[in-house]
Structure formats: C-alpha cells, structure tokens
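Student: Sending over a structure as structure tokens; questions will come in a sec.
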Amino acid sequence: MGADSKISSTGVPLPSDYQYSESSKKASFTVEERKEQILDAATHIIGKNGFWGFTVRQVAEACNLTEPAILYHFKNKEKLLVAVLSRRDDIDLHNMASELHIGLDRLWADPTEFGLWDLCLAAVQKNSKQPEIVRLYTIMQGESLNSEHPAYAYFQNRERWATSLFARAAKHDGYDDPARIAQLVLSEMDGMQIRWLRDLGHFDLVESWKAFRERFA
C-alpha cells in the first residue's frame, strides 16, 4: 500500500485525503442522489489510484454501501469509470460556456462566437479551480493509450470533439490550418497542466498560460 493511502473501518485502502461526507451517512437517497454520491466518491478515488488501482469495494466503503449496491447503479467497474468521465465532461462544458458568457448550445455553433484564445483562457481558468479533476483526466489519458483500456474509445472520441471545438475557434480567428493549430494548442495546454499538477503551490496555471499567449500567440 502506498504512503498516500489509509485503511477504512473494514480494512479497505482509501486515499489518505478522502473525507467521509455527512451526506454519506444520510439514511435515504433518491436514485439520482445515490448515483451522484457514488460518482463523487469514484471521481476522488480514481483520481488518486487510476483505473487499475481502484476497486468497486473502495467506492462502496466510501459511500457506506455494499458492492452489489454500487453495481446495481453502474453494472461494473468499467461502466462506473465511463460514467465518471462523462459526468465531468458535461459539467466542464457547462462551466466553459458560462466562462464564455454563452449558452451551452452555442458552444457547438459553426461559425463560433468566440476565438481560440478566449476559449483557451476559459478552459484554463476552469481547470485551475479543479486540480483533482485535471489529475483524474491526466491519469486516465495516459492509461487509456492502451487500446484494451476500458476508456480507450471514450478518449478517442473526446480527442475528436475537443479538437473540433478548438479548431472552430481557430477558424473564427482566421488561422490557415485551424485543425493543426487546435492540436498544437491542446498539446501545450496538456503539458502545462502536468507541470502545474507537479507543483500546485508555486506554478500559477492561469498566469503561465497568459505568458505563453503573449510570447507565442
């Protein structure tokens, strides 16, 4: 067991900073409330341990549930992982649209109402407020490079729609090869976020992105 783990009351290893919420002690949940509780716990645990290092039992323990109760909602470990990722993308896209001061449906319009660098700044500002979520996606992106990983298809599809979104923003700004520009900008963003995750106390993600833009945009 790693140094960043602790043992639950039933002997299940959990991340050292996982906190049992008061809601986990709630006697009665609606189906949606229960699913949200499970997804919250799974997000935290997967973000620490990766897909291969987390178990349904850990999530069950974090929610004060049995493993069959988790599987009733999500069928298996793989479906739970994809549900975690899908929910986070839905939340993040809503937040990004809010940062751009547009409705969610306008995020997908072609032509767009926003430029590439406005979109980039909105994404960076959003991510700077949720290091745990960025860590989750960073770990999952790396693990899912293996075509046998349960999130492989999910991230292949995510790469396509993210590149399309950023390419349309680059097209708005008049770049000659918007798809290529989108790939380069997303690559820079991914690399910068890794630097940030390694040094959260000293590396300012938003200011570093602004400095990059001033130097290279």
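Student: I'm checking my understanding of the structure. Among residues of the stretch 54-102 that are acidic (Asp, Glu) and in contact (Cβ under 8 Å) with a residue 60 or more places away in the chain, which one is most open to solvent (accessible area, probe 1.4 Å)?
Tutor: Among them, the one singled out is Glu78.
Student: As an exercise: evaluate Ser208 against (1) more than 17 Å from the chain's Cα centre (by Cα); (2) polar (S, T, N, Q); (3) more than 22 Å from Asn95 (Cβ to Cβ) and give the number of the one condition it does not meet.
Tutor: (3)
Student: Next question, about the same structure. Quick one: what pairs do we get from the stretch 181-202, first residue part of a loop (DSSP other than H, G, I, E, B), second not polar (S, T, N, Q), C-beta under 8 Å, 6+ apart or different chains?
Tutor: Leu200/Pro131
Student: Only one of these conditions is not met by Tyr137: (1) among the aromatic types (Phe, Trp, Tyr); (2) in contact (Cβ under 8 Å) with a residue 40 or more places away in the chain; (3) surrounded by fewer than 19 Cβ atoms within 10 Å (Cβ to Cβ); (4) assigned to a helix (DSSP H, G or I). Which number is it?
Tutor: All conditions pass for Tyr137, except number (3).
Student: Could you grab me the full set of residues in the stretch 156-168 that are of a type in the set (Lys, Arg) and open to solvent by less than 20 Å² (accessible area, probe 1.4 Å)?
Tutor: none
Student: Taking the stretch 203-213, which residues are open to solvent by less than 80 Å² (accessible area, probe 1.4 Å), part of a helix (DSSP H, G or I) and closer than 18 Å to Gln130 by Cα?
Tutor: Leu205, Val206, Ser208, Trp209
Student: If you don't mind, another one. Which residue, of Glu113, Glu148, is touching a Lys or Arg at 6+ places or on another chain (Cβ under 8 Å) and outside any helix (DSSP H, G or I)?
Tutor: Among Glu113, Glu148, only Glu113 is touching a Lys or Arg at 6+ places or on another chain (Cβ under 8 Å) and outside any helix (DSSP H, G or I).
Student: Can you pull out every residue in the stretch 169-185 that is open to solvent by less than 30 Å² (accessible area, probe 1.4 Å) and touching a Ser or Thr at 6+ places or on another chain (Cβ under 9 Å)?
Tutor: The answer is Ala169, Ala182.
The values are calculated or read from the model by the stated rules, or taken from the named source; none is laboratory data. This structure is a prediction, so every number in the text was calculated from the model and none was measured. With ideal geometry, Cβ positions are generated from the backbone for all residues, glycine too; neighbour counts draw on all protein chains shown. All accessible areas refer to the heavy atoms of the entire protein, side chains included, with ligands and DNA or RNA removed. Shrake-Rupley method; radii C 1.70, N 1.55, O 1.52, S 1.80 Å.
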